[in-house]
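As structure tokens, the structure follows; a few thoughts come after it.
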Amino acid sequence: MLAAELRHPLEKYTREGMIPHIWCTGCGNGIVLNAFLRAIDELGLDMDKLAVISGIGCMGRIAGYINADAFHTTHGRAIPLAFGVKLVRPDLKVVVISGDGDLFAIGGNHFIHAARRNVDMLVICANNFNYGMTGGQVGPTTPLEAFTTTTPYGNIEHPFNLVHLAAAAGAVYVARWTVVHPRRLKESIKKALQKRGFSFIEVISVCTEGFGRRNRLRTAIEFMHWLKRVSVITKRMDPSEAYIGPDRIVVGEFVDIEGKPEYTELLRACIEDVRRRAERGEIRVAL
Amino acid sequence: MERGRLDVLTGVWFTIGDIACAEGAIAAGCRFFAGYPITPASEIMERMAFRLPQVGGVYVQMEDELASMAAVIGASWAGVKAMTATSGPGFSLMQENIGLAVMTETPCVLVNVMRGGPSTGQPTKMGQQDVMQAKWGSHGDYELIALAPSSVQEMFDFTIEAFNYAERYRCPVIVLADETVGHMREKLVIPEPEEIEKRLVSRKKPRVPPGEFAPFMPDPEDLVPPMACFGEGYHFYATGLTHDEWGKVRTDSAEEQFKLVARLCDKIRKNKDKIVKYEALWLDDADVVVVAYGIVSRSARAAVARAREEGIKAGLLRPITIWPFPEELMADVGERAKKVLVAEVNYGQLVREVERRVPWRKVVFLPKLGEKFHTAEELLRAIKTAAR
């Protein structure tokens, strides 16, 4: 067989010279990347019209692996930077992919405001319950009582429920999956990419090096078995049912709203209206 | 009634510096503004909120200054001239993303209408306390350009100039105004659009097709790379991490780190002759030289003129680009002068830059803080004392 025929079918979507990735053996982020690229492939998305923006941390590196226009921002600022891109180029498909610490601790304010504005953007959060890149510290999604390098006696903080947060802030599409649901995740990404408005997908990811080994999930297999055991799929589209805890993780789609006015459409309509009125001389511009 | 163009409001006006700044930005082709309300810079964003939609531009009020600066970077990479305006506390919040703009070579303009600090300080009073922060506020080694206007007219003119520098050198450019200049009301002359247009500079665009384009490969003559933007098919990767010419992450390489940091600094340092601007008044034979910038330079000009009338050989060196600082001129002038007076509204900032170039025994520092800045009379007294 020729070497060319042995190429991975998704290779054309990855950036030359950037693979292999930096993620640990057993990390779940590769599954998220895979699901994202398959979703793009199946939708036949124009890679020239895709903008991928990420923050800092393990998942922050994903922008570099995708063969589209991509920006690796500062910690927590992926969403506002993506917002700037989207406002200038509303024709582009803008996707933010990052981790739970980046999006919900240091960047939490930007998340709720982007959802509130309902800007057309897909945010995918790989939630691994901790700060993996920096060595496994506690984060805003770390379960109560879990052990991390900075909660050596157990975590005393209550975690965010990201689905509740996204739904309350105004997202028009909200789903949660885990990396043991790769096909459902892919379908969800496809759906979200076709929605007009602020969409959010949480993916519970595997992190053995940072989180698992301190919480009796030493290997990726153990971690995945645990995810399989505790995941419950719901089809009821009710965010109030989106429980997440060590005993049970409810996954599925929780919000799917149509018809909520989208930010860039409102913005363009406003600009066009003002522009017309100004050109007709109906607005006094003098200093 | 014949209506003129909406982007350039040609004519003679009587207005405040903040509004002149907004009009300068629009005349320069700025079509994106992201900001957060803060005294004494809010009038800039209010004017932009009113004016940008009229010319098809995007105005957005963000949730904070961290987001404002991030959105400006995103907008610039989406292909438009973009800016924000703030004051001390907001400027502090923007610092990390100023570093990102430096690292990713993002053309953008930040206006800092300086008030009194530290912290919340004196929000409605003028200050010049962010001079060092403008240069050193973000971490790591870098160079950028900062301009200090002293009048309403200069708020207009220097904002246009700031966009030209930003596009030309692909770096953040700061208009370092002070509250007095931002809020004072005086004459503004806006020229014909054609006159402004011929002064405008735009970023270099890729000259090779996607695939062959290295997004951070500098042109050897000016060390500035052409810029591909979102949605143009180049599939660039921009990162705050150390990267090579192709944008590839090179956190492993001492050579790449040196090469990148040196180039980011050198594209300003080696083009300094084309960047540095100053106003020099009677420096050739000056025994007493006053160094002042922003609104203080106007008192200084009057003081120096009156000193000359009284037979004192006084001169004025007013840095227009605070950064890069006109250091060669400062050194030459300092060598000849007997005394160099530095008048600024802070407790010792640009005076350090002067002391690096002039024997420090010659340097007299005249600090001011709070509502008041140096009057011409005060400076004249200081000149007379120094001339004795």
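Annotation: B:ASP64 fulfils all but one of (1) at the interface with another protein chain (Cβ under 10 Å from one of its Cβ atoms); (2) without any contact (Cβ under 8 Å) to a residue 60 or more places away in the chain; (3) in contact with a strand residue (DSSP E or B) (Cβ under 8 Å, 6 or more places away or on another chain); (4) not hydrophobic (A, V, I, L, M, F, W, C); the unmet one is (3). When the residues of segment A:230-239 are filtered to those that are without any contact (Cβ under 8 Å) to a residue 24 or more places away in the chain and not in a strand (DSSP E or B), the one that is surrounded by the fewest Cβ atoms within 10 Å (Cβ to Cβ) is A:LYS235. A Cβ distance below 6 Å, combined with a sequence gap of six or more or placement on separate chains, defines the contacts here; from segment B:240-256, residues that are at the interface with chain A (Cβ under 10 Å from one of its Cβ atoms) and more than 10 Å from B:PRO215 (Cα to Cα) reach residues that are among the β-branched types (Val, Ile, Thr) and assigned to a strand (DSSP E or B) in the pairs B:LEU241/B:VAL249; B:HIS243/B:VAL249. On the given criteria, is B:VAL181 touching a Leu at 6+ places or on another chain (Cβ under 7 Å), more than 14 Å from every other protein chain (Cβ to nearest Cβ) and not acidic (Asp, Glu)? Spelling it out, it is not the case that B:VAL181 is touching a Leu at 6+ places or on another chain (Cβ under 7 Å), more than 14 Å from every other protein chain (Cβ to nearest Cβ) and not acidic (Asp, Glu).
Could you check, for segment B:105-112, whether at least one of its residues is under 16 Å from B:VAL345 (Cα atoms) and out of contact with any Gly (no Cβ under 6 Å at 6 or more places or on another chain)? Can you show your working first?
First pass over segment B:105-112, keeping only residues under 16 Å from B:VAL345 (Cα atoms): B:112.
Subset that is out of contact with any Gly (no Cβ under 6 Å at 6 or more places or on another chain): B:112.
Yes, some residue in segment B:105-112 is under 16 Å from B:VAL345 (Cα atoms) and out of contact with any Gly (no Cβ under 6 Å at 6 or more places or on another chain).
Of all residues in segment B:17-40, those that are of a type in the set (D, E, K, R) have Cβ atoms under 6 Å from Cβ atoms of residues that are surrounded by fewer than 24 Cβ atoms within 10 Å (Cβ to Cβ) and assigned to a helix (DSSP H, G or I), 6 or more apart or on another chain, in B:ASP18/B:GLU43. Beta carbons closer than 6 Å, at least 6 apart along the sequence or on distinct chains, never pair a first residue in segment B:324-335 that is outside the structural domain of B:ARG356 (by TED's automatic domain parsing) and at pLDDT below 95 with a second that is in a helix (DSSP H, G or I) and surrounded by fewer than 14 Cβ atoms within 10 Å (Cβ to Cβ).
Scan B:ALA337, B:ALA376, B:ALA331 and give me the residue that is small (Gly, Ala, Ser) and touching a strand residue (DSSP E or B) at 6+ places or on another chain (Cβ under 6 Å). Lay out the reasoning, then the answer.
Values: B:ALA376 fails: touching a strand residue (DSSP E or B) at 6+ places or on another chain (Cβ under 6 Å); B:ALA331 fails: touching a strand residue (DSSP E or B) at 6+ places or on another chain (Cβ under 6 Å).
The match here is B:ALA337.
Which one is farthest from the other protein chains (Cβ to nearest Cβ), of the residues in segment A:248-287 that are among the acidic types (Asp, Glu) and exposed (fewer than 12 other Cβ atoms within 10 Å of the Cβ)? I'd like the intermediate steps shown before the answer.
To start, the set of residues in segment A:248-287 that are among the acidic types (Asp, Glu) comprises A:253, A:256, A:258, A:262, A:265, A:272-273, A:279, A:282.
Applying the additional criterion that residues be exposed (fewer than 12 other Cβ atoms within 10 Å of the Cβ) yields A:258, A:273, A:282.
Numbers: A:GLU258: 25, A:ASP273: 8, A:GLU282: 10 Å.
Checked segment A:248-287; the qualifying residue farthest from the other protein chains (Cβ to nearest Cβ) is A:GLU258.
Checking each residue in segment A:100-158 for being part of a loop (DSSP other than H, G, I, E, B), under 21 Å from the mean Cα position of the chain (by Cα) and charged (D, E, K, R) picks out only A:ASP120.
The values are calculated or read from the model by the stated rules, or taken from the named source; none is laboratory data. In this text, all values refer to a predicted model and were calculated from it rather than measured experimentally. Here the Cβ is made from the backbone with ideal geometry for all residues, glycine too, and neighbour counts use every protein chain on show.
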